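Each remark here refers to the structure printed beneath this line.
Each reported figure results from applying straightforward, stated rules to the coordinates on display, with no laboratory input. The shown structure was predicted, so the numbers you read here are calculated from the model rather than taken from an experiment. Neighbour counts are summed over all protein chains in view; Cβ atoms, including those assigned to glycine, are modelled from backbone coordinates with ideal geometry.
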Amino acid sequence: MRRLLFTAASVAAAALTLSACGTTEPAADPAAKPSEGITLKDGTGKEVKLDKAATKVIATEWNVVESLVSLGIDPVGVADVKGYKTWDTSVPLKNEPKDIGTRGEPSMDTIASLSPDLIVATTDLPPAAVKQMREVAPVLEVTSAKGSDQIGQMLENIDLIAEATGTTDRAKTLRSDFDAKLEEGREALADAGLDGTRIAFADGYVASNQVSLRPYTSTSLIGAVNERLGLENAWKVEGDESYGLGSTDVEGLTSLPADVRFAYIGSDGDKSSNPFTGALAKNSVWTSLPFVKKGDVHRLPDGIWMFGGPGSMQAYVDAIVAALTK
């Protein structure tokens with residue numbers, strides 16, 4: 001299931017796929033030995049061999065772009081650069097990478113023209129595309145998401161990319177910073193008497209004048225982070241196996257408990273992505289919801305990628321704690 005969210009060119013695609021801050025300064029691992037070969041097993045179990053730690057890297061999905069930048073690697077090619085800059089400002093690009101096309105259909109000609117050492121992809125990419133990319137350079141596929149352990153999978157992906165790029169020391173720092181942020185956020189909420197608060201996080205968009213909403217259930221990455229913060233997920237809808245994303249409409253929100261705190265992320269860079277202050281603003285069902293009447297609706301800052309890495313999730317922790325404790 002994909003998350004091709006809300007760029008102006010992909011609203012229609014997103015409608016079809018519903019059933020789909022850490023520091024970023026360069027910090028190459030001094031212990032890495034670039035002259036030595038590296039052999040890894042990627043998320044599919046395939047063996048990936050590199051002559052040395054990769055430095056000229058292409059990324060086909062935004063979560064792996066974020067991972068690379070967080071590890072101090074500036075990718076030479078990125079899928080949908082404009083979209084990344086819109087939806088992931090928690091870990092901004094430091095360079096101006098070549099746009100290799102869409103996340104679902106990268107341009108093989110563009111990829112080949114960049115002569116990469118390594119292509120980092122996810123298991124969401126069609127096998128046929130991966131096969132073509134392997135004719136250009138080694139491809140490291142990471143598991144896109146794992147509903148049974150989203151945080152563990154996110155960190156496993158960071159570690160795998162770090163091994164391929166010789167930045168394992170930086171990966172350890174990212175892990176420790178992430179753990180510290182979770183503990184800091186949990187303590188802040190507990191001190192405010194908010195431990196156990198019921199929360200419903202969602203996003204939404206408008207296509208053909210129809211509002212679609214996506215609940216982030218307890219098996220989503222956001223849901224897993226919320227639970228680590230001591231919050232209780234209020235959604236009763238079922239999420240998909242990989243991403244933990246559900247599907248509902250405005251009427252479906254009536255099943256949420258009256259005392260729920262509702263949070264969401266949109267983007268001013270994509271007007272179709274924020275129905276909560278747009279299409280729903282005068283909707284009688286929305287305006288009659290108890291949490292809407294009480295003002296317990298929180299829009300979090302733009303640019304926190306809900307499927308990202310430790311950097312985005314640290315930004316999310318800061319944002320949700322600030323929203324709930326203000």
field: Condition met for S144 (surrounded by fewer than 21 Cβ atoms within 10 Å (Cβ to Cβ), under 21 Å from the mean Cα position of the chain (by Cα) and among the small types (G, A, S))
entry: no
query: What number of residues within the stretch 64-92 are touching a strand residue (DSSP E or B) at 6+ places or on another chain (Cβ under 7 Å) and either β-branched (V, I, T) or within 22 Å of R170 (Cα to Cα) (or both)?
result: 9
- prompt: Before we move on, is L213 in a strand (DSSP E or B), within 18 Å of the chain's Cα centre (by Cα) and buried (at least 17 other Cβ atoms within 10 Å of the Cβ)?
  reply: yes
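From the list E141, E238, which residue is outside any loop (DSSP other than H, G, I, E, B) and among the charged types (D, E, K, R)?
E141
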query: Is it true that T165 is surrounded by fewer than 17 Cβ atoms within 10 Å (Cβ to Cβ) and among the β-branched types (V, I, T)?
result: no
- line: Checked the stretch 279-299 for anything touching a helix residue (DSSP H, G or I) at 6+ places or on another chain (Cβ under 7 Å), part of a loop (DSSP other than H, G, I, E, B) and surrounded by fewer than 20 Cβ atoms within 10 Å (Cβ to Cβ); matches are N283
- request: Kindly list, by first and then second residue, each pair from a residue in the stretch 229-254 that is under 12 Å from Q150 (Cβ atoms) to a residue that is among the charged types (D, E, K, R), limited to pairs with Cβ atoms under 6 Å and residues at least 6 apart or on different chains.
  value: L245/R214
- request: State the number of residues belonging to the stretch 65-81 that are among the small types (G, A, S) and in contact with a Leu (Cβ under 8 Å, 6 or more places away or on another chain).
  value: 2
